[in-house]
Amino acid sequence: MRLVVGISGASGAIYGIRALEALKEAGVETHLVVTAAAKDTIRLETDWHVDDVEKLATRSYRVDDTAGAIASGSFRTEGMLIIPCSMKTLGGVASGYDENLLLRAADVTMKEKRPLVLVVRETPLSLIQIENMARVVRSGATLLPAMPAFYHRPKSIDDIVNHVVGKSLDSLNVKHSLYKRWESS
């Protein structure tokens, strides 16, 4: 399996890092794009170095490398995950604004009718943001807000992160055991 992963500048860089770890554990080939704002967020919110995050991926691309392999529909993948997805990135995806490789890869993913999962991270939401969300869903993307469940009784931030990441991987049919699934009583 081959997936494109984007990490944009929204708060919650740990979601993207954990997704890369889980995808590596699952043996998934990953092609990563990290925006400049995401690099800042990684430094501000985590103890990770950006270089180490990029090493989790099979291949990493510069966000300004608009000729990167993932910019073409002929580069076959099983989908794309943007985790976390900032409102700026959401707006770019919703409008087809291919300013950089992350946005171009998302546009290619949608035009090729491949799964695109956007793990948006913002609150509260403006009407413009909600309308952008509706646009991407109408275009075929899966919108997965970073909203953890609590039925699995999380004991740590890791448990909450793993739930959100696990739900995003479920949307791409990646097998994992990141969280306890719902069982009826």
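Remarks
- Estimated from helical segments only, the mean residue ellipticity of the chain at 222 nm is -12500 deg cm²/dmol, where each DSSP H run of four or more residues counts as -39500 (n - 2.57).
- DSSP-loop trypsin sites (Lys or Arg not before Pro) across the stretch 111-185, with at most 13 other Cβ within 10 angstrom: Lys113, Lys155, Lys175, Arg181
- Lys88-Lys111 FRET efficiency (beta carbon distance; Förster radius 22 Å; 0.05 resolution): 0.60
- Added length on full extension, which subtracts the Cα-Cα distance from 0.36 nm per residue, Ser95 to Ser139: 14.8 nm
- Put in order of Cβ neighbour count within 10 Å, fewest first, the listed residues Leu23, Leu118, Leu56 become Leu56, Leu23, Leu118.
- Label-to-label distance, nm, for residues given as Ile130 and Glu25 (7 Å Cα→Cβ offset): 3.7 nm
- Student exercise, the chain dipole from Lys, Arg, Asp, Glu Cβ charges, in Debye to nearest 20: 500 debye
- Applying a length cut-off of 20 Å (Cα extent along the axis) and a mean Kyte-Doolittle floor of 0.0 to the DSSP H helices of the chain leaves 157-171.
- Estimated distance in nm for a label pair at Asp65 and Trp48, the labels positioned 7 Å out from Cα along Cα-to-Cβ: 1.8 nm
- Mean separation of Cα contacts under 8 Å (6+ apart) over length of the stretch 71-175, as relative contact order %: 28 percent
- Computed over the chain: relative contact order in percent, which uses C-alpha pairs under 8 Å that are six or more apart: 23 percent
- Sorted ascending by nearby beta carbons within 10 Å, beginning with the fewest, His163, His49 become His49, His163.
- Ranking Leu118, Val137, Val93 by how far each Cα lies toward the positive end of the dipole of the stretch 2-171 (charges on Cβ) leaves Val137 at the top.
Just so you know, all these numbers are worked out from the coordinates, no wet-lab data involved. Everything numeric in this text was worked out from a predicted model, so none of it was measured. Backbone-built Cβ (ideal geometry, glycine too); neighbour counts: all protein chains shown.
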